[in-house]
Amino acid sequence: MVDTIATIPEFYRGKSVFVTGASGFIGKVLVEKLLRSCPDIGNIYILLRPKRNVTLEDRMKSITDKILFDKVKEFHPENMKKLQYVAGDISEINLGLSPDDYDLLVNNVDVIFHVAATIKFQAALSDSALINIRGTREICNLALAMKKKPILLYVSTAYCHHENQCIKEKTYDPYGDWRKTIKIAESMDRHILNVITAKMKGVKENTYTFTKAQAEQVVLDLCVGKIPAIIFRPAIVYVVVDDPIPGYCEGFTAHIGFLAGTISGMLKCINSSLSFRSEAVPIDYIVKGLVNSVWMKGTGQSKEPVNIYNGSSKELLDFNNETLMTAFNNSFLKIRTVYNWYPHLVMIKSQMLFYLYFMVFQLLPSIIGDIFINLKKGKPFLVKVQRYIFASQIVLKYFGSKEWNIENSKFIDIITDAPNDDNFIIKQDDPEIYENSIVNCSNFIVQHYFNLKLTEHPTSSTKLMILKTLYYMVHFAVYSILAYMLYSVVY
C-alpha cells in the first residue's frame, strides 16, 4: 500500500505548517526535521511569545543559531527562510495573535503541531489550566476556522492517564469538565485554587497530568468529526540517538539531568527500583512519530476519527533501570574529559536509605565545598544546587516508585513501516544504543553545557583505577562509622 501513495516528503511538499512550542526541545527538533527531510515543504510558522527586553527577532535567532540546524544550513540553506514567526502567547485568548497573523494562519496552514505546554509538575492550577487546557481550546478554535481543514496533532503525555497501570493507545473517560476548569482558572482566587489543587490529588498526581488529560478531552470534544485529529503521548523524552546529531540534548530533565549531574560530580544517587522498566525514548524516535503520523492521516491510511499513539520504549528499547544504570556507569568511563573524581551513579529503592545516602555523599560534601568557596571570597552555590536536585527527585518520586505498561504498537508501526527511507524509520539493530547514546550525550554536555573542550582521549585507566579505589575506600570508611554508631546505640 505504501508504494502506491505519496512518500512523506511528497506529502509535505508545498504544505504550510504551524508549530507551537518551537522554542522547546521537541519543537526545535521537529522543526529541524521538517526543514531538512521535507525540503519542498511550504512555510513553517512558529508561535513565539514576546519577552521583556528580548525582541522576537532575537528569540528566532537564538533558535536557528543552535548547532541543531547546521545540516539544514548545509544542505538546504534556502529552507531557513521558510521558518517564520508569529507573535503570540499560548495562554492568551485567540493565542494573542494580531488580526494580520490570525488571517495569515487561517488562510495558509495545512498542518498544526501543538507542542506548547507548561511541563512544571508543581505549577499553580491556574497557570497550568490557562496554558495546557485553554491554550489547547484556542488552538482547536483556530484550526476549525482554517480554510484548508488542517490536520491537528496534539502532543500530550503518556503519564496523563497514570492511574491506569496499563496505558493503552485509546481515549479515556474525561476527568471532570474542562470548560469548568477553564472558568475556575479565569475567575477564582489563587488561594482558593490552591485548596482545590490539594483536593485534586485524589484524581491526578499533579497539575501537569491533570491539565494534559483534560486537554486531550478538549481535542476530542471540539475537533473529532470536524477536522483530522491526532493525539500523541510521548513517555520520557531522551536525547537524539542518531538523527540529526547523535547526543544532542537540551535542558536538565530526567535522564539528561542525571547525566549532567553525575558528570559534574553533583549527583550520586537516584531514588527508584532497578527492576522497573526504563521508559526513556529518543527524541528522534518521537519526532519521526509526529511527522509520520500526520503523513499516515493525511494520505488516508487511517480512517479512525482520532488517532492515538503512545510514544513509549516498549519493544523498542526494552531495558530496565538496572541495565540503564550499567550503561550509564560504563559510559562515564568513555567520555572525553578529565575526571578528578570517580563518576558513578547508584539507584536506591528504599526512601530512607536514599535520604541517608544523599545527606552523606551529596549534601555533606557540598556544605564543606561551600565553606571553602566562602573562605576564598567566592559565592557559595553547591548547597543551592543540591537543594534543586533533591526537590526535583521529590517531585518525580511518584513516577520513580511505580511502573507502567505503556502499550505502543501503533507508535512502533508508524516509525518502522513508513516508506523505506532512513530519514523516517528507526534503526532497531543496535544492542548498544543506550551506551552509545549516553557517551555521545555526555560528550555533548561536557562541550556545550560546561563549555569545556573535549580531550583527545577519555581519562586514563590508571587514573580511573586510583579514583575508583578512593571512591570505595571513602564508602567503606563511611559505612564502618555508621555501623559503629549503630552498634553503639543498640549495645
Completion exercise
Contour minus Cα-Cα span, Glu78 to Asn94, at 0.36 nm per residue, comes to 2.6 nm
Practice task
Just add up the charged neighbours of Leu396: K/R +1, D/E -1, any other residue whose Cβ is under 12 Å from the Cβ of Leu396.
Solution key: +1
Completion exercise
Rounded to one decimal in nm, the spacing of the 7 Å Cα→Cβ label points at Met485 and Val385 is 2.5 nm
Handout entry: In nm, spacing of pseudo-spin labels at Thr469 and Asp65 (7 Å Cα→C-beta vector)
Key = 4.8 nm
Exercise for the section: Multiply the residue gap between Asn405 and Ile367 by 0.36 nm, knock off their C-alpha separation, and tell me the result in nm, one decimal place. Expected result: 9.6 nm
Completion exercise
Checked the stretch 378-471 against the a/c 1.5 cut and the a/b vs b/c comparison, axes a ≥ b ≥ c from its Cα gyration tensor; verdict oblate
Practice task
Could you work out the per residue convex hull volume over the alpha carbons of the stretch 251-304, in cubic angstrom?
Solution key: 121 Å³
Problem - Equivalent ellipsoid, the stretch 52-148 (semi-axes from 5 times Cα gyration tensor eigenvalues, Å) - result: 26, 20, 13
Handout entry: Stokes-Einstein diffusion coefficient of the stretch 429-484, Kirkwood radius over Cα pairs, 20 °C, 1.002 mPa s, in µm²/s
Key = 150 µm²/s
Exercise for the section: Grab the eigenvalues of the alpha-carbon gyration tensor for the stretch 332-420, scale each by 5, take roots, and send me the semi-axes largest first in whole angstrom. Expected result: 38, 20, 13
Completion exercise
Computed about the Cα centre, the charge dipole of the chain from +1 Lys/Arg and -1 Asp/Glu charges at the Cβ has a magnitude in debye, to the nearest 20, of 1540 debye
Practice task
Report Rg (one decimal) and Dmax (nearest whole number) for the stretch 197-298, counting Cα atoms only, units Å.
Solution key: 17.6, 53
Handout entry: Among 456-465, 361-370, the order from most to least packed when residues are scored by Cβ within 10 Å on average
Key = 361-370, 456-465
Handout entry: Relative contact order of the stretch 147-271, defined on C-alpha pairs under 8 angstrom at six or more residues apart (%)
Key = 35 percent
Handout entry: Cα convex hull volume per residue for the chain (Å³)
Key = 180 Å³
Practice task
Calculate the dipole size of the stretch 46-205 relative to its Cα centre from +1 charges on Lys and Arg beta carbons and -1 charges on Asp and Glu beta carbons; express the result in debye to the nearest 20.
Solution key: 260 debye
Completion exercise
Placing one equal point scatterer on each C-alpha of the stretch 141-255 and summing with Debye, one gets log10 I(q)/I(0) at q = 0.14, 0.15, 0.22 Å⁻¹ equal to -0.77, -0.86, -1.22
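Each reported figure results from applying straightforward, stated rules to the coordinates on display, with no laboratory input. Bear in mind that the values here come from a model prediction, so they are computed numbers and not experimental data. Here the Cβ is made from the backbone with ideal geometry for all residues, glycine too, and neighbour counts use every protein chain on show.
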